[in-house]
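Student: The structure under discussion is supplied below as structure tokens; questions concerning it will follow.
Laboratory data are not the source of any read-out in this text; all were calculated from the coordinates shown. Note that this is a predicted model, so its numbers are computed, not measured.
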Amino acid sequence: MAKVELNPGWWKKNAPKSIAGGEVLKALTEAAPKMEVEKSGDHASYFKALDKIKAAVAKDQQIATKAKDAAASAMLTELLKVAAQGRGSTESHLKHGGDLVAKGISTKPGVAVPPLKGQA
């Protein structure tokens, strides 16, 4: 089995027939523009997209189970792992400073911060 990707184009080419046009494809297509968190800085949309993919996997897993499609089940399990890795690495990146800057927040060194009231 090829390495699973969070990419709707890849999914269309490689997904087993029993789940090829299912909920995962819809979720990946919807999530595609939100997956480039590094460019947009919108990590909240990225995490919501990953959650939608996770929910879609659960729905398609039911279809794969009914169809007794072991390959589809294995691919869905692998997709969950890839989504979890993407979430974990992005959260870690945010927690440890990385290059990502939240919208509207400046992290430039040397920016003057006014003292709090009562502190001078």
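Student: What is the mean projected area of the alpha carbon convex hull for segment 45-85, to one decimal in square nanometres?
Tutor: One quarter of the hull surface, i.e. the mean projection, equals 2.5 nm².
Student: For A74 and A20, calculate 0.36 nm times their separation in residues minus their Cα-Cα distance, and state this gained length in nm to one decimal.
Tutor: 18.1 nm
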